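Comments concern the structure below.
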Amino acid sequence: MSEIVSEEPEIDTNTVPDIVVGRLPLYLRALSEMALADKHFTSSQELADALGISSAQIRKDLSHFGEFGKQGTGYAVLGLRDHLRNILQLDREWPLIVVGAGHIGSAVANYTGFAERGFRVVAVFDNNPARVGDGAGTHTVYAMNDLNAIVEKYKVRHAMLTVPAEAAQTVAEQVIAVGIRAILNYAPTTLAVPVGVHVEYIDPVLHLQRMTYYL
């Protein structure tokens, strides 16, 4: 099989539905696994079978970003993987910070999977003076007063908040004020942020509550 790829069009990120962007990392993960297995070509149907998403949906999602294959010929695994990495801006390393040096913060700060996928934790912060200077795995805990200096030094755009719900909004405002534009929030609360700041939420309880419906 051979892949036919046209030039990628100029993409208006405001016109691509967020739900489509949310599926791109799933496609990227599947393609990366295929590449590790030394698989050279795939199809939308094979991706669909692996991910539980219809092949038509996969083709529709990819069509937002150009023509990456042709019916009957399939996709070159490495080629499509690299295109998706480029679309998601994962063809570079992104520094990020963790705010909240408790059990969750220490665990995520030292998760090796981030570095493997293009992200590098450069600092961990906490507002508890007793924690400042302590170790959070391989990282030293910084005071919140050091936030601006670290963000400027490493050109950080991403932050993970692993703080209690009651502190999350205040902390979000602090990191936004120093230039953070992407927040992964582990606190079980919804944040109010200005236009131009993107927030994703991780709350295991919500997923557990959703699953009980099906039991």
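For segment 108-123, name all the residues that are in contact (Cβ under 8 Å) with a residue 24 or more places away in the chain and small (Gly, Ala, Ser).
Correct list: Ala109, Gly118, Ala123.
List every residue pair whose Cβ atoms lie under 7 Å apart, where the two residues are 6 or more positions apart in sequence or sit on different chains, the first residue falls within segment 37-52 and is assigned to a loop (DSSP other than H, G, I, E, B), and the second residue, located anywhere, is crowded, with 16+ Cβ neighbours inside 10 Å and of a type in the set (Val, Ile, Thr).
Lys39/Val77; His40/Val77
Give the residues of segment 110-130 that are surrounded by 13 or more Cβ atoms within 10 Å (Cβ to Cβ) and among the aliphatic types (A, V, I, L, M), sorted by residue number.
If the condition is that a residue be surrounded by 13 or more Cβ atoms within 10 Å (Cβ to Cβ) and among the aliphatic types (A, V, I, L, M), then Val121, Val122, Ala123, Val124 are the ones that fit.
Is it fair to say Glu173 is of a type in the set (Asp, Glu), surrounded by 11 or more Cβ atoms within 10 Å (Cβ to Cβ), part of a helix (DSSP H, G or I) and over 17 Å from the mean Cα position of the chain (by Cα)?
Considered against the rule, which asks whether it is of a type in the set (Asp, Glu), surrounded by 11 or more Cβ atoms within 10 Å (Cβ to Cβ), part of a helix (DSSP H, G or I) and over 17 Å from the mean Cα position of the chain (by Cα), Glu173 comes out as yes.
I need a count of the residues in segment 55-89 that are among the aliphatic types (A, V, I, L, M), surrounded by 14 or more Cβ atoms within 10 Å (Cβ to Cβ) and farther than 23 Å from Gly118 by Cα.
Of the residues in that region, 1 qualify.
Which one of Ala107, Ala159, Ala168 is surrounded by fewer than 21 Cβ atoms within 10 Å (Cβ to Cβ) and either assigned to a strand (DSSP E or B) or among the aliphatic types (A, V, I, L, M) (or both)? It would help to see each step written out before you state the result.
Numbers: Ala159 fails: surrounded by fewer than 21 Cβ atoms within 10 Å (Cβ to Cβ); Ala168 fails: surrounded by fewer than 21 Cβ atoms within 10 Å (Cβ to Cβ).
Result: Ala107 is the single residue among Ala107, Ala159, Ala168 that is surrounded by fewer than 21 Cβ atoms within 10 Å (Cβ to Cβ) and either assigned to a strand (DSSP E or B) or among the aliphatic types (A, V, I, L, M) (or both).
When Gly133 is evaluated against the numbered criteria (1) at pLDDT below 90; (2) surrounded by fewer than 16 Cβ atoms within 10 Å (Cβ to Cβ); (3) in a helix (DSSP H, G or I), which criterion, by number, is the only one it fails?
(3)
Looking at segment 194-209, I want the residues that are in the same structural domain as Gly179 (by TED's automatic domain parsing) and have a partner that is of a type in the set (Val, Ile, Thr) and part of a helix (DSSP H, G or I) with Cβ atoms under 8 Å, at least 6 apart or on another chain. Which pairs are those?
From residues that are in the same structural domain as Gly179 (by TED's automatic domain parsing), the pairs are Pro194/Ile176; Val197/Ile176.
Looking at segment 148-199 only, could you name the residues that are more than 23 Å from Asn128 (Cβ to Cβ) and β-branched (Val, Ile, Thr)?
Those that are more than 23 Å from Asn128 (Cβ to Cβ) and β-branched (Val, Ile, Thr): Thr190, Val193, Val195, Val197, Val199.
Would you mind telling me which numbered condition in (1) of a type in the set (D, E, K, R); (2) within 15 Å of the chain's Cα centre (by Cα); (3) crowded, with 21+ Cβ neighbours inside 10 Å Arg92 fails?
(3)
Take segment 54-87 and flag every residue that is in contact (Cβ under 8 Å) with a residue 24 or more places away in the chain, more than 18 Å from Val16 (Cα to Cα) and not in a helix (DSSP H, G or I).
Selection gives Gly69, Lys70, Thr73, Gly74, Tyr75, Ala76.
The values are calculated or read from the model by the stated rules, or taken from the named source; none is laboratory data. What you see is a predicted model, and the numbers here were worked out from it, not measured in a lab. Positions of Cβ are backbone-derived with ideal geometry, glycine not excepted, and every protein chain shown enters the neighbour counts.
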